[in-house]
Amino acid sequence: MIKMNRKHIDKTFDECFQQFLLEHCTLKNMSEDTKKYYIENMKYGFYKYYDKDKNINELTQDDINGYILYLQSKEIKDTTINIYLKALKTVIIFYKKKFWIDKNITVIFVKEDKQQVEGYTDEEISVLIKKPNMKDLTFAQYRNWVIVNFLCCTAARRSTVINIHKEDLDLENGYCKFRHTKNRKPLTVPITLSLINILKEYIEYLPVDCPYLFPTVQGEKMK
């Protein structure tokens with residue numbers, strides 16, 4: 001009987017992880033944010049517990065279980081633990097497909113306590129979107145107020161907002177183009193008349209040579 005045995009390779013865990021980044025992220029043309037997600041979760045998660053320079057063949061289920069206990073000992077939220085584990089699970093699945101590790105090694109998520117997220121009340125939202133006194137306002141304060149109004153109208157993600165260019169706005173027809181989205185597909189969304197009026201006034205304060213709609217005070221892209 002032919003059995004699919006794992007390969008014995010002379011590579012460290014981290015060397016295999018670099019191979020994962022190449023094949024799973026770069027060659028599949030995934031976004032830099034996705035690649036960064038895996039790198040940071042390994043750097044600030046698994047590599048704080050496990051020696052990344054150990055041979056890949058030495059990884060065991062006990063190491064995975066120990067990592068989960070390690071995370072739980074840090075008294076961080078269950079949702080945060082599962083974010084770390086989700087990244088590791090994808091890496092482990094990749095390793096198993098390569099026959100680098102025991103096929104029975106698994107990453108199991110911890111049970112999360114459901115927490116009800118409290119939203120803003122109508123009164124709180126009214127305070128947030130109320131136009132401030134422009135007399136003593138700094139540009140950063142003014143920009144942030146405009147961003148709050150923009151978020152309330154469009155529900156855009158942070159990464160989407162900081163990548164919007166002035167040329168992405170069509171204020172005459174009431175639309176804004178999102179060039180940076182989670183699925184990497186451009187999206188055109190409608191904007192309200194009140195937001196249009198806010199943006200028209202706000203744009204007058206932006207430097208002509210600044211392409212970004214919401215830049216830093218230095219006229220650069222926000223991070």
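Summary table
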item	result
Translational diffusion coefficient (Stokes-Einstein; Kirkwood radius from C-alpha pairs) of the range 88-223 at 25 °C, 0.890 mPa s, in µm²/s	135
For the range 12-23, Karplus couplings with θ = phi - 60° (6.51, -1.76, 1.60), whole Hz, Gly/Pro x	7, 4, 5, 4, 5, 5, 4, 5, 4, 4, 5, 7
Low-density loop cleavage sites - GluC sites (Glu not before Pro) in the range 26-121, where at most 12 other Cβ are within 10 Å (DSSP)	Glu75, Glu112, Glu118
Residues with amide H under 5 Å from that of Tyr175, placed H, sequence gap 5 or more	Asp170, Ile191
Loop-located chymotrypsin sites (Phe, Trp or Tyr not before Pro) in the range 112-167, at most 13 other Cβ atoms within 10 Å (DSSP)	Tyr120
Ranking of Ile164, Ile93 by count of other Cβ atoms within 10 Å, fewest first	Ile93, Ile164
For Leu151, net neighbour charge (Lys/Arg +1, Asp/Glu -1) across residues whose Cβ lies under 12 Å away	+2
Inverse of mean 1/r across different Cα pairs in the range 13-97, Kirkwood, Å	13.3
Dipole magnitude (debye, nearest 20) for the chain, charges at Cβ of Lys, Arg, Asp, Glu	860
Highest average packing first - 156-163, 13-20, Cβ atoms within 10 Å	13-20, 156-163
Karplus 3J(HN,Hα) series, Hz, for the range 148-165 with 6.51 cos²θ - 1.76 cosθ + 1.60 (x for Gly, Pro)	4, 5, 5, 5, 4, 7, 10, 6, 6, 7, 4, 5, 6, 4, 6, 9, 6, 9
Under 18 Å from the Cα of Lys74 - lysines, other chains or at least 8 residues apart	Lys43, Lys48, Lys86, Lys111
Proximal charge balance of Phe178 [Cβ under 15 Å; K/R count +1, D/E count -1]	+4
MRE, 222 nm, helices only [DSSP H, n ≥ 4, -39500 (n - 2.57), over the chain, to nearest 500]	-12500 deg cm²/dmol
0 to 90° range, to nearest 10: angle between helix 193-203 axis and the chain longest Cα axis	90
Span from the the range 25-40 Cα centroid across to the the range 172-223 one, whole angstrom	26
Helix axis angle, 32-41 relative to the chain longest principal axis, alpha carbon, degrees	50
Cα lying deepest toward the dipole's positive end in the range 75-223, options Thr106, Ile191, Leu88, charges on Cβ	Thr106
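Throughout, read-outs are computed from the coordinates displayed, never taken from laboratory work. Just so it is clear, the model here is predicted, and its values are computed rather than measured. In this analysis, Cβ positions are derived from the backbone assuming ideal geometry, glycine residues included, and neighbour counts consider all displayed protein chains.
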